[in-house]
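Shown next, in structure tokens, is the structure this report addresses.
The values are calculated or read from the model by the stated rules, or taken from the named source; none is laboratory data. Remember, it's a predicted structure, so these values are computed and weren't measured experimentally. Positions of Cβ are generated from backbone atoms using ideal geometry, with glycine treated the same way; all protein chains shown enter the neighbour counts. All accessible areas refer to the heavy atoms of the entire protein, side chains included, with ligands and DNA or RNA removed. Shrake-Rupley method; radii C 1.70, N 1.55, O 1.52, S 1.80 Å.
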Amino acid sequence: MDIEAEIRALQLDSAEDNNDVVNPEDAKLEKVEKEDEVEVEVEVEGMKDEVHGRSQPGQAEPKVKNKEVVALEDAEAQEEMETNKKRHLNVVFIGHVDAGKSTTGGQILFLSGQVDDRTIQKYEKEAKDKSRESWYMAYIMDTNEEERVKGKTVEVGRAHFETETTRFTILDAPGHKSYVPNMISGASQADIGVLVISARKGEFETGYERGGQTREHVQLAKTLGVAKLLVVVNKMDDPTVNWSKERYDEIESKMTPFLKSSGYNVKKDVQFLPISGLLGSNMKTRVDKSICSWWNGPCLFEALDCIEVPLRDPKGPFRMPIIDKFKDMGTVVMGKVESGSVCEGDSLLVMPNKAQVKVVAVCCDESKVRCAGPGENLRVRLSGIEEEDILSGFVLSSIVKPIPAVTEFTAQLQILELLENAIFTAGYKAVLHVHSVVEECEIVELLQQIDPKTRKPMKKKVLFVKNGAVVVCRVQVNNSICVEKFSDFPQLGRFTLRTEGKTIAVGKVTDLPVA
């Protein structure tokens, strides 16, 4: 009988909200079951209000399948269905320091109604007090004091907004070169990238020249699986630019060959558009012809909406790399589902330490959900493991087909630029970044060099390689890490090698040792 199931669900819900103390009313409900349906109706409605009172807004409410369900309840159910129907995308904002990533992110949130005018006024005042009037939009994304004082993003900021067809999670990556590891963890969760470039005189040039973050970020984004890129030329309102078509074209013509060399198909996967992040021009609505007569393309929101995303398999084996963990009535882990689906009550494994855990609750964007599919950013509460036994880089995976945990693997590497005087040979040490793992590694053996033109292995034995070479090698790490073959799971099989703050190589896992 439907109603009984509903009542049980509600009891569980309210018990949870009361920190697992079952209140007397719930006990009474047991008796009510045996009485006639009308009373059950009333009781259920009463309980609903109680749950309403205590649960957080936006929590998934159990639905009663009866004819006299309140219209409001119906509307809520409808709304919930609607939000779940929207596709979900992770967008990472990358680019050189001070290109305007946080300001653009803040402006998007303001335009999509996530931030009210009062908060903006508060930020304006705060920015004025620090005599940094133009930073107030960035304060929406840069929440901690250190970031506000210096005007530099350090950690990856997160925020959510929606357009008519899509739910977006913004990841605001830091542009400063000291924080590239943070940017890597941000970009590894993203589906599409927004590369923010400053059109202001001198700023584009510094970001783009050797050692500028624009170059490094693009190469990293490509390796980390950001397939589509929106190149946003920001600060078009600046007095030195003044929406000039020449400047915009100059930037586009300089960026195109570089994007091609980084592996992007410029015609299919890259789109350029001019905006002003501070004023919000050409973001939600197209820019006014009186300001910019030559631009006939889409605005930022339209461009984001039109992007096609890769399909993921909701029925595949479950994989969720853990980015972060904390204690909150149990152990809670955060991450993005790369494959498969997860539901409350599932049993999973935490790899590589093979701890079996049970899923107690699943939260997606603040709200509690029963199940979640691939591509979602989740917080999952687990039982059966202590918070200190989990490290970021561990992977929640299905028991039937767990993710391999290895200390050595074969990979195909492309050398980007080595440090001066460095030779890439067996015994080379670097830091390996793969999904959310950061681990020291050593190249044990170079197996063969691949000819970039024919893509076939060269005959002669390799002892060392230089910049630009493609090489197959064996990589060893100190602790066992979770990786997959690139051919099976691209997201969990791509990696970057860095040393002394520079990205030296990008690669993909081609083979794993047989367990």
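Structure data summary
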item	result
Qualifying residue in segment 431-439 (condition: open to solvent by 40 Å² or more (accessible area, probe 1.4 Å), at pLDDT 85 or above and within 30 Å of SER341 (Cβ to Cβ))	yes
The listed residue being at pLDDT 70 or above and either surrounded by fewer than 19 Cβ atoms within 10 Å (Cβ to Cβ) or within 15 Å of the chain's Cα centre (by Cα) (or both), out of HIS176, HIS160	HIS160
Unmet criterion (only one of (1) touching a residue at least 60 places away in the same chain (Cβ under 8 Å); (2) over 23 Å from ILE108 (Cβ atoms); (3) assigned to a loop (DSSP other than H, G, I, E, B)) for GLU216	(3)
Selection count where residues are closer than 16 Å to HIS160 by Cα and modelled with pLDDT under 75, scope segment 111-136	0
Any hit, segment 308-318, residues being in contact with a Ser or Thr (Cβ under 9 Å, 6 or more places away or on another chain), closer than 23 Å to ALA99 by Cα and surrounded by 13 or more Cβ atoms within 10 Å (Cβ to Cβ)	no
Checking ASP324 against (1) on the phi < 0 side of the Ramachandran plot; (2) not assigned by the TED database to the domain that holds LEU378, the condition it does not meet	(2)
Test for SER397: is it farther than 22 Å from ILE481 by Cα and either of a type in the set (S, T, N, Q) or buried (at least 22 other Cβ atoms within 10 Å of the Cβ) (or both)	no
Residue list for segment 89-148, restricted to those being touching a residue at least 24 places away in the same chain (Cβ under 8 Å), part of a helix (DSSP H, G or I) and among the small types (Gly, Ala, Ser)	SER102, GLY105, GLY106, SER134, ALA138
Answer from ILE385, ILE322 - the residue that is of a type in the set (Val, Ile, Thr) and either more than 19 Å from the chain's Cα centre (by Cα) or surrounded by fewer than 19 Cβ atoms within 10 Å (Cβ to Cβ) (or both)	ILE385
Meets criteria (within 24 Å of PRO490 (Cα to Cα) and surrounded by 22 or more Cβ atoms within 10 Å (Cβ to Cβ)) for LYS336	yes
Scan of segment 179-196 for residues that are surrounded by 24 or more Cβ atoms within 10 Å (Cβ to Cβ) and at pLDDT 80 or above, ordered by number	GLY193, VAL194, LEU195, VAL196
Pairs, first outside the structural domain of ARG494 (by the TED database) and assigned to a loop (DSSP other than H, G, I, E, B) in segment 225-246, second open to solvent by less than 10 Å² (accessible area, probe 1.4 Å) and among the polar types (S, T, N, Q), C-beta under 9 Å, six or more apart	LYS235/SER198; LYS235/SER276; MET236/SER276; MET236/ASN282; ASP237/SER276; ASP238/SER198; ASP238/SER276; TRP243/SER276
Evaluation of ILE504 against (1) in contact (Cβ under 8 Å) with a residue 60 or more places away in the chain; (2) closer than 22 Å to GLY335 by Cα; (3) surrounded by 20 or more Cβ atoms within 10 Å (Cβ to Cβ) (one fails), failing number	(2)
Conditions (1) outside any loop (DSSP other than H, G, I, E, B); (2) open to solvent by less than 60 Å² (accessible area, probe 1.4 Å); (3) not aliphatic (A, V, I, L, M): number failed by LYS358	(2)
Verdict on LEU349 being surrounded by 16 or more Cβ atoms within 10 Å (Cβ to Cβ) and farther than 25 Å from PRO490 by Cα	no
Filter result for GLY263 (at pLDDT below 85 and assigned to a loop (DSSP other than H, G, I, E, B))	yes
Strands (runs of 3 or more DSSP E) lying entirely in segment 382-472 (those with 1 or more residues that are over 15 Å from LEU497 (Cβ atoms))	395-398, 405-415, 437-450
Of residues in segment 361-379 being at positive phi and either acidic (Asp, Glu) or part of a strand (DSSP E or B) (or both), the one least open to solvent (accessible area, probe 1.4 Å)	ASP365
So LYS254, is it open to solvent by 30 Å² or more (accessible area, probe 1.4 Å), in contact (Cβ under 8 Å) with a residue 40 or more places away in the chain, in a helix (DSSP H, G or I) and farther than 29 Å from ILE120 by Cβ	yes
